[in-house]
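Report on the structure given below.
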Amino acid sequence: MKYAVIDRGDAVSTQLHQRFNQLAQSLNMELDEDKPEIVLSIGGDGTMLQAFHRYEHRLDDISFVGMHTGRLGFFADWIPEELEQLAQVMAATQKDNVMKCVTYPLVEIE
């Protein structure tokens, strides 16, 4: 599975980003920031929105998953303590070719 990670840029999120890359590599996942199949957002809802904007030209082709590093995340369901579990779920998705998706509506404003 090809993946990309976007983090909030603070120390906690950056550390989680680096740890996830290590886990993903050990699980034979491929880092591809140009054409990922899934994007992990680490931070909060603002970071998730940044991920949507960065890949808005490919929204129909990419799945997004969020990890919140604060108290609450509406788009970000995973917590830092679940990082290893998340990597394993993503790797299993690659192996089994089965992905559970939850969709959230996006609004376009001009």
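Kindly indicate whether any position in segment 68-79 is buried (at least 16 other Cβ atoms within 10 Å of the Cβ), more than 12 Å from Tyr3 (Cα to Cα) and in contact with a Ser or Thr (Cβ under 6 Å, 6 or more places away or on another chain). Within segment 68-79, one or more residues are buried (at least 16 other Cβ atoms within 10 Å of the Cβ), more than 12 Å from Tyr3 (Cα to Cα) and in contact with a Ser or Thr (Cβ under 6 Å, 6 or more places away or on another chain).
Here is a yes/no grid of residues against (1) without any contact (Cβ under 8 Å) to a residue 24 or more places away in the chain; (2) in a loop (DSSP other than H, G, I, E, B); (3) open to solvent by less than 90 Å² (accessible area, probe 1.4 Å); (4) farther than 19 Å from Met1 by Cβ:
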site: Gln22; (1), (2), (3), (4): yes, no, no, no
site: Pro36; (1), (2), (3), (4): no, yes, yes, no
site: Ile42; (1), (2), (3), (4): no, no, yes, no
site: Thr47; (1), (2), (3), (4): no, no, yes, yes
site: Phe52; (1), (2), (3), (4): no, no, yes, yes
site: Asp61; (1), (2), (3), (4): no, yes, no, no
site: Phe64; (1), (2), (3), (4): no, no, yes, no
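In summary, Arg8 fulfils each of the numbered conditions (1) open to solvent by 80 Å² or more (accessible area, probe 1.4 Å); (2) farther than 16 Å from Ala87 by Cα; (3) out of contact with any helix residue (DSSP H, G or I) (no Cβ under 8 Å at 6 or more places or on another chain) with the single exception of condition (3).
From the list Ser41, Ser26, the one residue that fits, being polar (S, T, N, Q), out of contact with any Asp or Glu (no Cβ under 9 Å at 6 or more places or on another chain) and either modelled with pLDDT of 95 or more or farther than 16 Å from Ala76 by Cβ (or both), is Ser26.
The values are calculated or read from the model by the stated rules, or taken from the named source; none is laboratory data. Model, not experiment: these values are computed from the prediction. We place every Cβ from the backbone using ideal geometry, glycine too, and count neighbours over all the protein chains shown. To get the accessible areas, we keep the full protein, side chains included, count just its heavy atoms, and leave off ligands, DNA and RNA. Shrake-Rupley method; radii C 1.70, N 1.55, O 1.52, S 1.80 Å.
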